[in-house]
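Nothing in this text is a laboratory measurement; each read-out follows from the coordinates by a stated rule. Given the structure is predicted, the values throughout are model-derived calculations rather than measurements. Every residue, glycine among them, receives a Cβ derived from its backbone with ideal geometry; neighbour counts consider all protein chains shown.
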Amino acid sequence: MHADFGTAEVAALAAQAGVAPAIEAGRWQREFQDYRRFAKTVGHGEVRKILIPGTAGRSN
């Protein structure tokens, strides 16, 4: 990954890895410490729902 990634690159990388785009976008956010970028892709609580089934709507 690099700092110039866009939504299309994140989606392509996610498809290649066989994971949801929210997972790749979250990885990018953490790696580059920029949590505003891809915020719509990640959504609020979306990664948690993917990684931990049954946690929809929980704040932590």
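Just a few scattered comments:
- Computed over the chain: relative contact order in percent, which uses C-alpha pairs under 8 Å that are six or more apart: 25 percent
- Length released on extending from LYS49 to PHE32, taking residue separation times 0.36 nm less the Cα-Cα span: 3.9 nm
- Summing charges over all other residues whose Cβ lies under 14 Å from the Cβ of ALA17, with Lys and Arg as +1 and Asp and Glu as -1, gives -1.
- At 1.002 mPa s and 20 °C, Stokes diffusion of the chain via Kirkwood alpha-carbon radius, µm² per second: 182 µm²/s
- Summing Cβ point charges (Lys, Arg +1; Asp, Glu -1) relative to the Cα centre of the chain gives a dipole of roughly 320 debye.
- Think of the chain as having a plus end and a minus end, set by charges on the Cβ of Lys, Arg, Asp and Glu; of ALA3, VAL42, PRO21, VAL42 sits farthest toward the positive end of this dipole.
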